[in-house]
1. How about segment 213-252: which of its residues are surrounded by fewer than 17 Cβ atoms within 10 Å (Cβ to Cβ) and at positive phi?
2. As an exercise: evaluate Tyr185 against (1) in contact (Cβ under 8 Å) with a residue 60 or more places away in the chain; (2) outside the structural domain of Phe100 (by TED's automatic domain parsing); (3) of a type in the set (Phe, Trp, Tyr) and give the number of the one condition it does not meet.
3. Please go through segment 61-110 and give me each residue that is small (Gly, Ala, Ser) and either more than 26 Å from Thr135 (Cβ to Cβ) or surrounded by fewer than 16 Cβ atoms within 10 Å (Cβ to Cβ) (or both), ordered by number.
4. Being more than 23 Å from Tyr80 (Cα to Cα), surrounded by 22 or more Cβ atoms within 10 Å (Cβ to Cβ), in contact with a helix residue (DSSP H, G or I) (Cβ under 8 Å, 6 or more places away or on another chain) and not small (Gly, Ala, Ser): is that true of Phe131 here?
5. Among the residues of segment 179-232, write down those that are among the acidic types (Asp, Glu), outside any strand (DSSP E or B), at pLDDT 90 or above and closer than 26 Å to Ile97 by Cα.
6. Please enumerate the residues belonging to segment 111-126 that are without any contact (Cβ under 8 Å) to a residue 40 or more places away in the chain and either within 18 Å of Leu20 (Cβ to Cβ) or of a type in the set (Gly, Ala, Ser) (or both).
7. For Gly179, indicate whether it is surrounded by fewer than 18 Cβ atoms within 10 Å (Cβ to Cβ), free of Cβ contacts under 8 Å to residues at least 40 places away in the same chain and small (Gly, Ala, Ser).
8. I'm trying to understand the selection: among the residues of segment 126-148, which are outside any strand (DSSP E or B) and either of a type in the set (Ser, Thr, Tyr) or modelled with pLDDT under 95 (or both)?
Amino acid sequence: MSEDFSFIKFLSCPQDKGTLRVAPDSAQCRECGRSYRLEQGRIYFSFPPKDIIASGSNFKSSKSSWSKWRQANFIFFEKYLKNEDTDKVFIDIGAGISQFQEITSKFKNAVRMDFYPYPLINVVADMSTKFPLRTGVSDIIFISNVLEHVFTPHDFLQECHRVLKPGGFIVGTVPFLIGVHQAPYDYYRYTNFMLEKLFSGAGFNNIAIEIVGKPFDVFETMQRQFFSGMMAHSDSLGPWNRLIMSLGRRAVLGVTKLFSPVFELMPVFPKYVSGYGFYAKK
């Protein structure tokens, strides 16, 4: 990662919202004098957690290898971001390994923030507190599969609202019927009703909540996770039970694959969803 700190103009001191200046090894607040470490093109406002296994080690760049949920996310984000001006200020909160770079990398004025220093992150910060971002600085806030990991979602969305310019928008996704992930920082599953209340309560308007994915995606995901967990814990059951489990797994997955063209035709209905996409304006 190049030592380019041009993005610092979008940041502020999380303590007093003072502007920052770049020193040789740190960024310093012009108001309070606090210093924040600069290293490998990143600014550190917090220390990365030690009790987490970084996600994304098994991420595959080919969309054909993605889960159905990731593929559905891509379609949703492309709809809202494809035609946006590349000069807009784009802030990716909880960016992780930036899985949707095909869509998001076009933005020239971008901040990618996470609490863990993934390769493309340029701001490492604790997102459960005040963001180290200037007020009214962003045209677009992007939060892909983040909200379920935020312990205080109302405070988080209020901060998103503060950071957006008037007329700016937030776009993101959140899973519903999906297994626990990125433990121990997986806290919530949201219905569309709760999402509507959260965004309106944080001051957003023009709120749109959409179902992302198909009913068959849920079935397929749950099936895969069930068999994966079953096989992972089968060693204590003896060789014959393991064999029966393995044969059962192959049979069920085979039948599912055989009938999947028909199952894929099942219409979307609101009580059985993989997750939701949302869009809201300031």
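The values are calculated or read from the model by the stated rules, or taken from the named source; none is laboratory data. The structure presented is a predicted model; accordingly, all values stated were derived computationally and were not measured. Here the Cβ positions follow ideal geometry from the backbone for every residue, glycine too, while neighbour counts run over all protein chains shown.
1. Residue satisfying the conditions is Gly238 alone.
2. The one condition Tyr185 does not meet is (2).
3. If the condition is that a residue be small (Gly, Ala, Ser) and either more than 26 Å from Thr135 (Cβ to Cβ) or surrounded by fewer than 16 Cβ atoms within 10 Å (Cβ to Cβ) (or both), then Ser61, Ser62, Ser64, Ser65, Ser67, Ala72, Ser105 are the ones that fit.
4. In short, yes.
5. Result: Asp186, single match.
6. Arg112, Met113
7. The answer is no for Gly179.
8. Once the filter is applied, which keeps residues that are outside any strand (DSSP E or B) and either of a type in the set (Ser, Thr, Tyr) or modelled with pLDDT under 95 (or both), segment 126-148 yields Asp126, Met127, Ser128, Thr129, Lys130, Thr135.
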